[in-house]
Amino acid sequence: MDGLFDGATMIRALHHMAEPVKALRQVRNVLQTNANFILEYANKQNTKAILRYWLGRQSWNPFTREAVEFAALNFDFHPQAIRQWMGETGFSIGKTLTFHTCGSACSKRLVPTGALAALDGLLQPTGELFQFTPSVFIGATAQGQTAIATAGSFFKCPECAHSLLEDHVDYLSCTCGRQYAYRDGIYNFKETL
């Protein structure tokens, strides 16, 4: 991937996000205008999932846009849904690359790793046309101004989006009444106190 997304300021995986739109919105809120962002996500519409669906070996449809939780907090996303969410949350989409094109268990046993990696590298640019691999990378640019960029505050309340949280010894509080714990150097915005 070296040189493909030069100057990227942030890399974020979306595999474990139960609420991807909220996650993308929070990422956008902490980026300055024109900042580069690289998103990697697990592709629901990969070749293996399509074949399994056609053969009746999986119940979920790889062509519908809703996310699939294939294991606890592990999600596959439809490429068009990802692109739509990124547009809605203030990102302009640039380069799209596909990864693990040749990563099936069978090919890994039969073909040397170096040859598979080289072939995968040759096929990555096909992501601009279609995405049928298990992993997709999207290069994007943050568009427009955000409250974070102008207010100078880093954290926002994930529920009401207020950006000026009051700092206490072991928690942050918001004007909406919600409080978020701070323990062992980690802010917990997943649940309120």
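Rule-based calculations on the coordinates, nothing more; no lab input. All values derive from a computational prediction rather than experimental measurement. Methodologically, a virtual Cβ is constructed for each residue, glycine included, from the backbone with ideal geometry; neighbour enumeration extends over all protein chains shown.
Rounded to 0.05, the FRET efficiency of the I186 and T141 pair, given R0 = 30 Å and the Cβ-Cβ distance, is 0.55. In this label model, V169 and E66 are separated by 4.7 nm, measuring between points 7 Å along each Cα→Cβ vector. Sorting D167, D76 by the number of Cβ atoms found within 10 Å of their own Cβ, with the fewest placed first, yields D167, D76. Annotation: lysines with alpha-carbon distance below 16 angstrom to K190 (same-chain offsets under eight excluded): K22, K156.
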